[in-house]
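Structure first, then comments.
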Amino acid sequence: MASAFVYAPAPESRAIVDIAPSYGLFIDGEFTEAADGKVFKTVSPSSEEVLSEIAQAGSEDVDRAVRAARKAFGTWSALPGSERAKYLFRIARIIQERSRELAVLETLDNGKPIKETRDADLPLVAAHFFYYAGWADKLDHAGFGANPRPLGVAGQVIPWNFPLLMLAWKIAPALATGNTVVLKPAETTPLSALFFADICRQAGLPRGVVNILPGYGDTGAALVAHPDVNKVAFTGSTAVGKEIARAVAGSHKKVTLELGGKGANIVFDDAPIDQAVEGIVNGIFFNQGQVCCAGSRLLVQESVQDELLDSLKRRLSTLRLGDPLDKNTDIGAINSAEQLSRITSLVAQGEAEGAERWSPACELPESGYWFAPTLFTNVTQAHTVARDEIFGPVLSVLTFRTPDEAVAKANNTPYGLSAGIWTEKGSRILAVANKLRAGVVWSNTFNKFDPTSPFGGYKESGFGREGGRHGLEGYLDV
Amino acid sequence: MSEKTEKTERLSVFKTYKLYIGGKFPRSESGRVYEVTTATSAADAAGKGKWLANAPLSSRKDARDAVVAARKAFGGWSGATAYNRGQILYRIAEMLEGRREQFVREVADAEGLSKSKAAAQVDAAIDRWVWYAGWTDKIAQVVGGGNPVAGPFFNLSSPEPTGVVAVLAPQESSFLGLVSVVAPVIATGNTAVVIASEKSPLPALSLGEVLATSDLPGGVVNILSGRTAEIAAPLAAHQDVNAIDLAGADDVLAKELEIAAADNLKRVLRPQPVDYATTPGTERMTAFLETKTVWHPTGSLGASGSSY
């Protein structure tokens, strides 16, 4: 289908952000080179342009950062909660002030559309700091008994799909409860975390309270394994999550893991189809499907399959893929060449196993990492595309006849992070939600996030909750 | 021009203190004012009073106008997200911080305090706004939640604001006390009609200027100065007021007002000794919250095509 509308380019200006040619590690309030002098480059996934050269933390740097965090812990944890709160409120406000700059930066470094960084990531980042700021002096009211104590130094490892938002989910509750942190951003998206270091400076945050160590998996492993870390928080793949669970075995480290998913989006025959189609699109194509809670399995009731798929395909044909800085772009770039090849190979496997592949006519830019929105139909539960987390813009469509079958299929996965239910009937929503083994269930909506709302997985999607009152527990000695 | 360069001190400009109703700054409709001096404050009762200002002496009609404004603002304010209300309360703290010196002066004059003691009061008042800014989106998780009823029902209790709250601000603590009683009322989505400290109304009237520039919708807080007993009586009896905080009433007045309040079963917070310097709990919020419990069937998993 030809595009109904032709849009003139509407690029957001990148002049608002000033990226330095190189960045150091942020340890004890100062930018510093790695002990062994190693650096790596971060590129813009939409153009493969090198954005900056980043110091790469090794185990010596991890040790230095943990020592700085330990030193800062005494004073920081002894501050009255109301004073810690005011630091976090300052950070929240500075993020709001600088949010357009950070949105453009995030889009450049991650490849996701400016529409998303501007309207979803950044508002949520600021809201998360604002929310946990308010808890810092109210911990006595949080349901963990009087005067709950922090754990100490938190080692935090975050992914590349929502770089600054995952930083906020980690750092805000850690600081509110009185911990100090050493955080490792992903190797493909280190920039927003380093800009956050500058925000800590502007907020006057005491040195050592937040330390940022860009690096690869080995940096994260060294941080997790460091004997003077009291808390490990990780968001990323289930495979690495399991490695971390093994690495901390026998220690006293408190652990929270937010891992992969294979979310089922269940559409019943009485669902409002147009609304469901929007939810399905949002569920799997938001952030190019590089979302742990993506609705990557569509379970549609057989009687409305044809109608729903027709609508869905029509809708996919109107999605605009291209320059992530363009304000009209719906689908941006895949974050890295490595991720693109993973998606490509899983999709090839899907075809080889006999699932039917479909994509709208979609021209891909010549440079950068791109993947067209893709549907698989005739998918069975045994297919790889129905079982493995693809972490890309690929939706597998399965059908069901009865609610029981829908529930059984939805739960037929080692994961348990998210699910969606589309029906007009309230009692059906609640009965199905009760049976789903998933940490977040959206009904007649999808991919909704709020700092007040706990988020996290069942089963191999990890354990612990981030957000809300529940999110405090992972950072308190309770 | 005279060749004599005798330096005369510049004559200052006095501020006309006005009421704060519906986001505007009217004079009392009665045209009345009363003299506020340092001598009217308890701290300086025996001393020679310095004239500070003429404050509006509000009438019962002013009180009714304020209730109309508060009611009008209630839908929007209670319907705003808790996050949005928190942002606005925090904005009030930001605006106050910028006018800290003014309030230190006014509180020192009003309560006969030294500069440093007055500054401590103002700092605590700013921090109190921050404290309640953080409560707006947390109180529901602390006082509400899912109820495990013995049946196939989803059952959720949530707090909701009760409506328009009349607040008799504390008589002695003209600013910290005032903030400590107003902030919890509006944090949860109520709107307020506030009677300032009778002897020391000026910090309260100046607070109106801060609220007006803090993105707080007009009518959410309305501030009246005058004789507490005169203004409180029509508010306690008003059929469109949902609750009353009697912090600023003595025992005799409090009893009278509580009796009047019974006519439409207003929620009443009785006067009690409070040390406004210490961090409050949740009681000033919960006093003006309703609890709403929603039931919904969850159906049951059964054979194909079953009721769920």
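The values are calculated or read from the model by the stated rules, or taken from the named source; none is laboratory data. As the structure is a computational prediction, the values presented were derived from the model and not from experiment. We place every Cβ from the backbone using ideal geometry, glycine too, and count neighbours over all the protein chains shown.
Just a few scattered comments:
Residues are listed down the side, and each one gets a yes or a no for (1) within 14 Å of chain A (Cβ to nearest Cβ); (2) of a type in the set (Lys, Arg); (3) in contact with a Pro (Cβ under 7 Å, 6 or more places away or on another chain):
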site	(1), (2), (3)
B:Ser200	no, no, no
B:Ala204	no, no, no
B:Glu209	no, no, no
B:Leu253	no, no, no
B:Ala260	no, no, no
B:Asp263	no, no, no
B:Arg270	no, yes, no
B:Glu283	yes, no, no
B:His296	yes, no, no
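- Answer from A:Asp36, A:Asp28 - the residue that is within 26 Å of A:Leu223 (Cα to Cα), crowded, with 16+ Cβ neighbours inside 10 Å, of a type outside the set (Phe, Trp, Tyr) and not assigned by TED's automatic domain parsing to the domain that holds A:Gln288: A:Asp28
- Residues of region A:254-268 satisfying the condition of being farther than 15 Å from A:Arg437 by Cβ and either among the hydrophobic types (A, V, I, L, M, F, W, C) or free of Cβ contacts under 8 Å to residues at least 60 places away in the same chain (or both): A:Val255, A:Leu257, A:Val267, A:Phe268
- Among the residues of region A:122-135, those identified as aliphatic (A, V, I, L, M) and within 8 Å of chain B (Cβ to nearest Cβ) are A:Ala127, A:Ala133.
- Taking region A:204-237 as the range and being assigned to a helix (DSSP H, G or I) and surrounded by fewer than 20 Cβ atoms within 10 Å (Cβ to Cβ) as the test, the residues that pass are A:Gly217, A:Asp218, A:Ala221, A:Ala225.
- Any hit, region A:46-61, residues being of a type outside the set (Asp, Glu), more than 29 Å from A:Glu363 (Cα to Cα) and exposed (fewer than 13 other Cβ atoms within 10 Å of the Cβ): no
- Complete set of residues in region B:272-294 that are without any contact (Cβ under 8 Å) to a residue 40 or more places away in the chain and either in a loop (DSSP other than H, G, I, E, B) or over 16 Å from the mean Cα position of the chain (by Cα) (or both): B:Gln272, B:Pro273, B:Asp275, B:Thr278, B:Gly281
- Residue count for region A:263-313 satisfying the condition of being in a loop (DSSP other than H, G, I, E, B) and crowded, with 19+ Cβ neighbours inside 10 Å: 10.
- Only one entry in A:Ala154, A:Ala85 is within 13 Å of another protein chain (Cβ to nearest Cβ) and closer than 19 Å to A:Val181 by Cα, namely A:Ala85.
- Out of A:Val441, A:Val397, sole residue that is under 21 Å from the mean Cα position of the chain (by Cα), assigned to a strand (DSSP E or B) and either away from chain B (no Cβ under 14 Å) or not aromatic (Phe, Trp, Tyr) (or both): A:Val441
- Listing of helices (runs of 4 or more DSSP H) fully contained in region B:109-203 that carry 2 or more residues being out of contact with any His (no Cβ under 9 Å at 6 or more places or on another chain) and within 18 Å of B:Thr293 (Cα to Cα): B:139-143
- Sole residue being more than 14 Å from chain A (Cβ to nearest Cβ) and buried (at least 21 other Cβ atoms within 10 Å of the Cβ), chosen from B:Thr228, B:Thr213: B:Thr228
- Some residue of region A:138-151 being more than 14 Å from chain B (Cβ to nearest Cβ), closer than 26 Å to A:Gly24 by Cβ and either without any contact (Cβ under 8 Å) to a residue 40 or more places away in the chain or touching a Lys or Arg at 6+ places or on another chain (Cβ under 8 Å) (or both): no
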